[in-house]
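Participant: Below is a structure I'd like to ask you about.
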Amino acid sequence: VGSINTIGTSVSTDYGISIGKFTGNGSAGATVGHGLGKAPAVVMTKNIESAETFYMGCEAKGFTHGTYMSGTAAPYDIDIYFNDTAPSSTVVTFKTHAMSNDTNDDQIMYCFSNIDKFCHHASYTGNGNADGPMVYLPYKPALVIIRNITGTGSWVCYDSTRTIFNPVDDQLLLESTAAETTGSEEVDLLSNGFKIRSSSSSVNTAASEYLYMSWAENNSMLRAV
């Protein structure tokens, strides 16, 4: 499916993840199939033949922006990534650029869709208060990754393995090689979602929008595996 055939694609529609490899054709508006059967909420891609960085687009920004996963810069409002086109239930659209669709360069593409009771990738709006937003989910999350998509910010990772009691404040910054830190950016991982317990700009600047990616701690799908 799409104007570019993938070299290989691994897909789980049950778990909402697709990993595809394709060779760019340098054509604006090129499309690549993802196989999920529903539009992905988050897409991450990288040119694996050059020094270009991983970048991410998300439903919360309408795929009009690209956010680099190797740094803290604010998302860039430019069409070189996804051609200002949101993915459909079958394909992801790219423009022609060294990062996204360079002629004859192989690219890797990770797509994530929302699956009830297993994973959810969306956004919340910060309130700048230590009594921060509550994000409701149909499960207790085992892993939450948060990124400011209005301004600058780190990719802050929380999980229930490194911190087993609330508040969870052991953080890994995905763009950094630093060891984990215990800071003020605290969250509670709850049976029905997660609660922000900090006014830190990394997770809760007033009126800023934050992407979150989350996966469930316990559910029948996981137990079956």
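Participant: Could you grab me the full set of residues in the stretch 7-20 that are open to solvent by 50 Å² or more (accessible area, probe 1.4 Å) and part of a strand (DSSP E or B)? Even if it seems obvious, please write down each step before you answer.
Facilitator: The initial filter retains those residues of the stretch 7-20 that are open to solvent by 50 Å² or more (accessible area, probe 1.4 Å), namely 7, 9-11, 13-15, 17, 19.
Correct list: I7, T9, S10, V11, I17, I19.
Participant: Now for a different question. Determine whether the stretch 26-41 contains at least one residue that is closer than 22 Å to S70 by Cα and of a type outside the set (A, V, I, L, M, F, W, C).
Facilitator: Within the stretch 26-41, the subset closer than 22 Å to S70 by Cα is 40-41.
Retained after the next criterion (residues that are of a type outside the set (A, V, I, L, M, F, W, C)): 40.
Yes, some residue in the stretch 26-41 is closer than 22 Å to S70 by Cα and of a type outside the set (A, V, I, L, M, F, W, C).
Participant: Still on this model: If the requirement is being in contact with an Asp or Glu (Cβ under 7 Å, 6 or more places away or on another chain), open to solvent by 30 Å² or more (accessible area, probe 1.4 Å) and touching a residue at least 40 places away in the same chain (Cβ under 8 Å), which of these qualifies: T182, T150? Even if it seems obvious, please write down each step before you answer.
Facilitator: Details: T182 fails: touching a residue at least 40 places away in the same chain (Cβ under 8 Å).
Of the residues listed, the single one that is in contact with an Asp or Glu (Cβ under 7 Å, 6 or more places away or on another chain), open to solvent by 30 Å² or more (accessible area, probe 1.4 Å) and touching a residue at least 40 places away in the same chain (Cβ under 8 Å) is T150.
Participant: So, in the stretch 89-134, of the ones that are among the small types (G, A, S), open to solvent by 20 Å² or more (accessible area, probe 1.4 Å) and modelled with pLDDT under 95, which residue ends up farthest from F63 (Cα to Cα)?
Facilitator: Within the stretch 89-134, the first condition is being among the small types (G, A, S), and the residues that meet it are 89, 98, 100, 113, 122-123, 126, 128, 130, 132.
Okay, now just the ones that are also open to solvent by 20 Å² or more (accessible area, probe 1.4 Å), so 89, 98, 122-123, 128, 130.
Going one step further and asking which of them are modelled with pLDDT under 95, we end up with 98, 130.
On the way: A98: 18, A130: 30 Å.
Going through the qualifying residues, I end up with A130.
Participant: Which residues, counting only those in the stretch 155-174, are assigned to a strand (DSSP E or B), open to solvent by 20 Å² or more (accessible area, probe 1.4 Å) and either in contact with a Gly (Cβ under 8 Å, 6 or more places away or on another chain) or within 22 Å of H65 (Cβ to Cβ) (or both)?
Facilitator: D169, L173 - these are the residues of the stretch 155-174 that are assigned to a strand (DSSP E or B), open to solvent by 20 Å² or more (accessible area, probe 1.4 Å) and either in contact with a Gly (Cβ under 8 Å, 6 or more places away or on another chain) or within 22 Å of H65 (Cβ to Cβ) (or both).
Participant: If I ask for residues that are within 20 Å of S191 (Cα to Cα) and among the hydroxyl-bearing types (S, T, Y), which ones from the stretch 102-158 would you list? Can you show your working first?
Facilitator: Initial filter on the stretch 102-158 (within 20 Å of S191 (Cα to Cα)): 114-124, 131-146, 157-158.
Answer for the stretch 102-158, where residues must be within 20 Å of S191 (Cα to Cα) and among the hydroxyl-bearing types (S, T, Y): S123, Y124, Y136, Y139, Y158.
Participant: Pairs please, first residue from the stretch 93-119 and without any contact (Cβ under 8 Å) to a residue 24 or more places away in the chain, second anywhere and open to solvent by 30 Å² or more (accessible area, probe 1.4 Å), Cβ atoms under 8 Å, 6+ apart in sequence or on different chains.
Facilitator: Qualifying pairs under 8 Å: H97/I80; D116/P138.
Participant: Tally time: how many residues in the stretch 187-198 are touching a strand residue (DSSP E or B) at 6+ places or on another chain (Cβ under 7 Å) and open to solvent by 50 Å² or more (accessible area, probe 1.4 Å)? Steps first, please.
Facilitator: Step one: of the stretch 187-198, the residues touching a strand residue (DSSP E or B) at 6+ places or on another chain (Cβ under 7 Å) are 187-189, 192-198.
Narrowing the set further to residues that are open to solvent by 50 Å² or more (accessible area, probe 1.4 Å) leaves 192, 197.
Total satisfying the criteria: 2.
Participant: Next question. Which of the residues that make up the stretch 21-36 are assigned to a strand (DSSP E or B) and crowded, with 16+ Cβ neighbours inside 10 Å? So that I can check it myself, show each step before the final result.
Facilitator: Keep residues of the stretch 21-36 that are assigned to a strand (DSSP E or B), which gives 21-23, 30-33.
Matches in the stretch 21-36: F22, T23, A30, T31, V32, G33.
Participant: Mind checking which residues of the stretch 49-78 are crowded, with 17+ Cβ neighbours inside 10 Å and part of a loop (DSSP other than H, G, I, E, B)?
Facilitator: Once the filter is applied, which keeps residues that are crowded, with 17+ Cβ neighbours inside 10 Å and part of a loop (DSSP other than H, G, I, E, B), the stretch 49-78 yields E52, F54, F63, T64, T72, P75.
Participant: With the requirement that a residue be part of a strand (DSSP E or B) and among the aromatic types (F, W, Y), what does the stretch 93-141 give you?
Facilitator: The initial filter retains those residues of the stretch 93-141 that are part of a strand (DSSP E or B), namely 93-94, 106-112, 115, 119-125, 134-136, 141.
Of everything in the stretch 93-141, those that are part of a strand (DSSP E or B) and among the aromatic types (F, W, Y) turn out to be F94, Y110, F112, Y124, Y136.
Participant: Sticking with this structure for a sec: Looking at A30, A74, which is the one that is in contact with a Gly (Cβ under 6 Å, 6 or more places away or on another chain), touching a residue at least 24 places away in the same chain (Cβ under 8 Å) and among the small types (G, A, S)? First the steps, then the outcome.
Facilitator: Values: A30 fails: in contact with a Gly (Cβ under 6 Å, 6 or more places away or on another chain).
Checking each option against the conditions leaves just A74.
Table: residues versus (1) part of a strand (DSSP E or B); (2) within 20 Å of the chain's Cα centre (by Cα).
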site	(1), (2)
L143	yes, yes
G153	no, yes
G183	yes, no
S199	no, no
A206	no, no
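Participant: Something else now. Determine which single condition T177 fails, assuming it passes every other condition in (1) outside any loop (DSSP other than H, G, I, E, B); (2) within 17 Å of F54 (Cβ to Cβ); (3) open to solvent by 60 Å² or more (accessible area, probe 1.4 Å).
Facilitator: Just one mismatch for T177, condition (1).
Participant: Tally up the residues in the stretch 37-48 that are assigned to a loop (DSSP other than H, G, I, E, B) and open to solvent by 30 Å² or more (accessible area, probe 1.4 Å), please. Don't jump to the end; show me each part of the working.
Facilitator: Our first condition is that a residue be assigned to a loop (DSSP other than H, G, I, E, B); within the stretch 37-48, this holds for 37-41, 48.
Of the ones still in play, those that are also open to solvent by 30 Å² or more (accessible area, probe 1.4 Å) are 37-39, 48.
So the count comes out to 4.
The values are calculated or read from the model by the stated rules, or taken from the named source; none is laboratory data. A quick note: this is a predicted structure, and the numbers were derived from the prediction, not measured. Neighbour counts are summed over all protein chains in view; Cβ atoms, including those assigned to glycine, are modelled from backbone coordinates with ideal geometry. Please note that ligands, DNA and RNA were not included when accessible areas were found on the heavy atoms of the full protein model with its side chains. Shrake-Rupley method; radii C 1.70, N 1.55, O 1.52, S 1.80 Å.
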